[in-house]
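All remarks here apply to the structure that follows.
What follows draws every value from the coordinates through simple rules; no lab data is involved. Keep in mind it's a predicted model, so treat the numbers as computed, not measured. Neighbour counts run over all protein chains shown; Cβ positions are idealised from the backbone, glycine included.
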Amino acid sequence: MVDGSEPPETWNCDAIQYAEDRAVNEFKFVKNNGVFPAACFYVNGYRLWVYPTETFISTWDGKSTRAGETYCGTKRIFVGNRPPLESAFSHELAHAVEDCRDPDHEYWGADGGINEAIERARH
Ligand SMILES: [Zn+2]
């Protein structure tokens, strides 16, 4: 579902679904305690907001500049308006799938290749 004010042309339902399918498909190959293979289950119910700018000020701390932000408690993803596959969308979906257990991505490079899956989804 798309909310927010006047998302750009490239952010339509088909583009979002395409980017989501790409990410979820690549997450199947991440063996992180069985969580990533169940990506469809974990992303269910999330709502997406697209800012009208490429970056935005974090609603978390009110001062950091962000290209994307995920709130697992309320199942919300916020992203800047770069095209879906070039944006932080896939990255934020990974946070959703792991239920925000590693907000600083400490293990994304080493444990299960999450960063690699995100990059594959974008190409
Ligand atoms: Zn992140």
Problem - Fewest-first ranking of PHE41, PHE89, PHE78, using other Cβ atoms within 10 Å as the exposure measure - result: PHE41, PHE78, PHE89
Practice task
Using Cα pairs closer than 8 Å and at least 6 residues apart in sequence, work out the relative contact order for the chain, in percent.
Solution key: 30
Fill in the blank from the handout: Under the Karplus relation with 6.51, -1.76 and 1.60 and θ = phi - 60°, whole-Hz ³J(HN,Hα) for the range 83-93, x at Gly and Pro, equal x, x, 6, 9, 8, 7, 4, 4, 4, 5, 4
Problem - FRET efficiency for GLN17 and THR59, using Cβ-Cβ distance with R0 set to 22 Å, rounded to 0.05 - result: 0.30
Handout entry: Integer Hz, Karplus 6.51/-1.76/1.60 couplings in order for the range 23-39, x for Gly and Pro
Key = 5, 4, 4, 6, 5, 4, 8, 9, 9, 9, 6, x, 6, 5, x, 9, 4
Practice task
Counting only DSSP beta bridges with both residues in the range 2-121, tell me the antiparallel percent, nearest 5.
Solution key: 50
Completion exercise
Expected sort for 90-101, 19-30 on mean C-beta neighbours within 10 Å, highest first, is 90-101, 19-30
Exercise for the section: Taking the Cβ of each residue in ILE16, ILE57 as the centre, tally the other Cβ atoms inside 10 Å and list the residues starting with the fewest. Expected result: ILE57, ILE16
Completion exercise
Quick calc, the range 32-93, dipole around Cα centre from Cβ unit charges on Lys, Arg (+) and Asp, Glu (-), nearest 20 debye, gives 160
